[in-house]
1. Quick one: in segment 1-55, of everything that is at pLDDT 95 or above and of a type in the set (Phe, Trp, Tyr), which residue is surrounded by the most Cβ atoms within 10 Å (Cβ to Cβ)?
2. Just name the residue that is farthest from the chain's Cα centre (by Cα) out of those in segment 157-177 that are of a type in the set (Gly, Ala, Ser) and surrounded by fewer than 22 Cβ atoms within 10 Å (Cβ to Cβ).
3. Scan segment 179-202 residue by residue and report those that are farther than 15 Å from Lys142 by Cα and at pLDDT 95 or above.
4. Could you please tell me which pairs satisfy a Cβ distance under 6 Å, a separation of 6+ or placement on different chains, a first residue in segment 9-30 that is farther than 22 Å from Asn59 by Cβ, and a second residue that is in a loop (DSSP other than H, G, I, E, B) and at pLDDT 95 or above?
Amino acid sequence: MKLYIVTATDNNYAKYLGVMLHSLLENLGDKTNTNIFIMERSLSKKNKMKLQKIVGMYNLKVEFITINDNDYKHSFPEVRYWPREAYYRILIPEVLGKDINKVLYLDCDLIIREDISNLWNINIDDYFLAGVDEEAVDVKRKEALSIPAKSIYFNSGVLLINLQKWRENNISSKVIQYIEDNLTIIKWPDQDALNAILYDKCLKLEPKWNYSTVIQKMIHIDNPAIVHFIGPKKLQNSKHPFKEEYFKYLKSSLWDQEN
């Protein structure tokens, strides 16, 4: 089995990414043929070495994909705390080899608590992607994006993507165009645009695959597979039920002595 993992980061999120990759690989059963791609634009040599060292603990390598920011400066506006790298998931079908037809995109601010191959093996042949429904999104938000009230609105932090369908239908171009045309409407740039284009082409995953801070307020899951520390404050919230587990992985990472 070939497993393709894609993520994106900047220097501010490198520590979170190190923890995420550490937790993912620690809980992955068969690590053979696991391919990890990190999209970035200005990641420091120090952080690249740290990330490679963490992955190297599991006898794997990282492939860094450097994005030329000038190529997309008009398409990716910076909004609030949203880093430009958050948009890079939209470009995955363009920057990966055409021989790769399926990828799992993961945000940095996650911990993986289950063998990720269980998610990877979900069949999405008839879908463009699979994601977890962020059910707290209100009807007015969907209406603004021209999404039917009863349709899914998925969180873009964990996405199983069918690259073949994506490429055949020029989804990257459509999403970028939507962002450019709707700057006054979108609140969460990549996520709003992805949902506006793909809400009816997404397989709904179980909430355990992206147990975000938002979903925790609505659904209690004792043993989620992926915990998503969503929002600008991240782990400054001392009441987060999985905070100690995050620090367990941080303690055995190369960022343990840093703030």
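The values are calculated or read from the model by the stated rules, or taken from the named source; none is laboratory data. Nothing here was measured: the structure is a model prediction, and the numbers come from that model. Glycine gets a Cβ as well: all are built from the backbone with ideal geometry, and neighbour counts include every protein chain shown.
1. Out of the qualifying residues, it is Tyr4.
2. Step one: of segment 157-177, the residues of a type in the set (Gly, Ala, Ser) are 157, 172-173.
Add one more test, that the residue is surrounded by fewer than 22 Cβ atoms within 10 Å (Cβ to Cβ), and what stays is 172-173.
On the way: Ser172: 16, Ser173: 19 Å.
Within segment 157-177, the match that is farthest from the chain's Cα centre (by Cα) is Ser173.
3. Within segment 179-202, Lys201, Cys202 meet the criteria.
4. Asn11/Ser44
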